[in-house]
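Encoded as structure tokens, the structure appears first; notes follow it.
The values are calculated or read from the model by the stated rules, or taken from the named source; none is laboratory data. Keep in mind it's a predicted model, so treat the numbers as computed, not measured. Every residue, glycine among them, receives a Cβ derived from its backbone with ideal geometry; neighbour counts consider all protein chains shown.
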Amino acid sequence: MKIVVVSDTHIPKKAKGFPSRLVRDLQSADLIIHAGDWQTVEVYNELCQFGKVVGVTGNVDSPELGKRLNAREIVEVEDFRFGVVHGHGIGKTTEKRAKAAFLEGEVDCIIFGHSHIPLLKLEDDLVLFNPGSATDKRRQKQYSYGMITLSSEPKFEHIFYDEKSTL
């Protein structure tokens, strides 16, 4: 199973559409997870054209998205439980806020965004995964999104690229 993980797409503010590098993987994804800061409901609708989407709201998302999506989700895929949250708020770091959104042992992996900083970290049998941003790299060297391949063991990776050109 192939899961594409995105966050902080900020469309149309930071890009006119999904980068072509990302679109190639979206076309063959079994599941797409978006960790918030889509910006508009049109981005959600466009992403849904590629397949099944699980997503949460972020701090810059429209009220219309807030009516369709929750701030926190748990999705189970092949006995692996993913917690999805944007990670915004006050106090603590983005990573600590994301962890605080789920009870200990509730999930195997927490997917979050907000910082635009790619992260893959194992902490006490809990995987922390931030895909970075496919359209707004901020101070990062490259744009990025995440890929999770589920087989006998989950494989997490970041896909990095330099151009955010669209098709």
remark   = Filtering helices (runs of 4 or more DSSP H) wholly in region 1-77 for at least 2 residues that are among the aliphatic types (A, V, I, L, M) and crowded, with 16+ Cβ neighbours inside 10 Å gives 20-26, 41-48
request  = Take region 145-167 and flag every residue that is among the hydroxyl-bearing types (Ser, Thr, Tyr) and under 17 Å from Cys109 (Cβ atoms).
outcome  = Tyr145, Thr149, Ser151, Ser152
query = What are the residues in region 9-64 that are among the polar types (S, T, N, Q) and on the phi < 0 side of the Ramachandran plot, if any?
reply = Thr9, Ser20, Gln27, Ser28, Thr40, Asn45, Gln49, Thr57, Asn59, Ser62
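Count, please, the residues in region 148-167 that happen to be farther than 15 Å from Phe18 by Cβ and in a strand (DSSP E or B).
7
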note = Considering region 17-47, residues that are at pLDDT below 95 and among the polar types (S, T, N, Q), and then whichever is farthest from Gly146 (Cα to Cα), we arrive at Thr40
request  = For residues that are closer than 28 Å to Asp79 by Cα and of a type in the set (Gly, Ala, Ser), scanning just region 137-167, find the one that is surrounded by the most Cβ atoms within 10 Å (Cβ to Cβ).
outcome  = Gly146
query = Which of the residues spanning region 52-86 are more than 19 Å from Lys16 (Cα to Cα), modelled with pLDDT under 95 and small (Gly, Ala, Ser)?
reply = Gly66
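Results for (1) charged (D, E, K, R); (2) out of contact with any Asp or Glu (no Cβ under 9 Å at 6 or more places or on another chain); (3) more than 21 Å from His10 (Cβ to Cβ); (4) touching a residue at least 40 places away in the same chain (Cβ under 8 Å), shown as yes or no for each residue.
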{"residue": "Gly66", "(1), (2), (3), (4)": "no, yes, no, no"}
{"residue": "Asn70", "(1), (2), (3), (4)": "no, yes, no, no"}
{"residue": "Gly83", "(1), (2), (3), (4)": "no, no, yes, no"}
{"residue": "Gly87", "(1), (2), (3), (4)": "no, no, no, yes"}
{"residue": "Gly91", "(1), (2), (3), (4)": "no, yes, yes, no"}
